[in-house]
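Here's the structure we're looking at; comments come further down.
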Amino acid sequence: MIETTFEVQVPTPLLRFGFDRNEIQRRITEWLVLSLFTESHISSGKAARLLNMSRIEFLSLLRARGIAYINYTSDAIAEEFVAAENLEVGL
């Protein structure tokens, strides 16, 4: 993958957590990719590729970070509950 280098300023107090340059780079990249995904700019497959992991690994990362893979609107959730109730009645 082609990479671009640029300077990022990090508040000095953040360095007290003991992160080295590689860990800071990894976290910034992860944050950016997760942001793009949650804002619907990229797919989960594209996000996984950008983080050099499988799609399953990316879905696990979402879960670990408390990020929903599927973002339902309140109307969509209501429709799903109605559909589930209809299935139960049919049983």
Placed amide H near Ile42: partners under 5 Å, 5+ positions off or other chain: Phe37
Answer label, with mean projected area of the Cα convex hull in nm² calculated from the coordinates and candidates (1) 7.3; (2) 6.1; (3) 9.0: (3)
For the stretch 55-63, 3J(HN,Hα) per residue [Karplus equation, 6.51 cos²θ - 1.76 cosθ + 1.60, θ = phi - 60°, Hz, x = Gly/Pro]: 5, 4, 4, 5, 4, 5, 5, 4, 4
Residue-by-residue Karplus 3J(HN,Hα) for the stretch 74-80, coefficients 6.51, -1.76, 1.60, Hz, glycine and proline x: 4, 5, 5, 5, 4, 5, 4
Extended-chain gain in nm, criterion 0.36 nm per residue less alpha-carbon gap, Ala83 and Ser54: 7.2 nm
Computed [θ] at 222 nm, deg cm²/dmol, the chain (DSSP H ≥ 4; -39,500 (n - 2.57); rounded to nearest 500): -18000 deg cm²/dmol
Sites Glu7 and Ile42, calculated FRET efficiency, Cβ-Cβ separation with R0 30 Å, nearest 0.05: 0.80
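Bear in mind these aren't lab numbers, they're just calculated from the coordinates by the rules spelled out. Here the structure is a predicted model, which is why all the values come from computation and not from measurement. Don't worry about glycine lacking a Cβ; one is built from the backbone with ideal geometry, like all the others, and counts go over all protein chains shown.
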